[in-house]
Amino acid sequence: MVMSILRIIFVIAVVWLVFIVYRRLRIKLFPLRAASNTGNIKKMVRCALCDLYIPLDDAVISDGTYYCCHQHQAEMNRDQQQ
């Protein structure tokens with residue numbers, strides 16, 4: 001009875017030890033990468049008509065309002081003129 005309990009404790013200890021060694025090796029071999037491509041992040045703006053977020057570089061700007069395409073700009077201008 002005592003020997004079986006000791007075997008169970010021994011097996012648990014070995015499994016735990018293998019797990020710890022595995023984690024340490026994995027961290028050393030595959031370190032987490034810092035956000036190295038933060039230079040690629042672009043400012044996002046929301047289309048005034050459809051609420052779609054698009055990069056500022058791709059946005060159509062009219063009177064300080066952002067649109068995702070020229071069609072939405074034209075549609076919003078038509079709605080405002082009516």
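List of remarks:
- Against the chain, whose longest principal axis is taken from its Cα atoms, helix 2-29 shows a tilt of about 40°.
- With neighbours defined as other Cβ atoms within 10 Å of a residue's Cβ, the residues Ile20, Ile54 order from fewest to most as Ile20, Ile54.
- Ordered by the count of other Cβ atoms within 10 Å of each Cβ, fewest first, Val60, Val15, Val45, Val2 give Val2, Val15, Val60, Val45.
- Here each label is just a point 7 Å from Cα along the line to Cβ, and for Ile12 and Ser62 those points are 7.0 nm apart.
- Amide H contacts under 5 Å for Leu49, placed H, 5+ residues apart: Cys68
- Here log10 I(q)/I(0) by the Debye sum over Cα atoms at q = 0.11, 0.12 Å⁻¹ was computed from the coordinates, and among (i) -0.57, -0.60; (ii) -0.35, -0.40; (iii) -0.59, -0.67 the match is (i).
- On Cα atoms only, tilt of 70-81 relative to the major axis of the chain in degrees: 50 degrees
- Annotation: extensible slack from Gln71 through Met3 equals 16.5 nm (criterion: 0.36 nm per residue apart, minus Cα-Cα distance).
- Ser4, Ser62 arranged by Cβ crowding within 10 Å, fewest neighbours leading: Ser4, Ser62
- Note on Arg46 and Lys28: the model spin-label points, each 7 Å out from Cα along the C-beta direction, lie 4.9 nm apart.
- Listed residues Tyr53, Cys68, Gln81: farthest to the positive end of the dipole of the range 41-81 (Cβ charges): Tyr53
Rule-based calculations on the coordinates, nothing more; no lab input. Given the structure is predicted, the values throughout are model-derived calculations rather than measurements. When we count neighbours, we look across all protein chains shown, and the Cβ atoms used for this are built from the backbone with ideal geometry, even at glycine.
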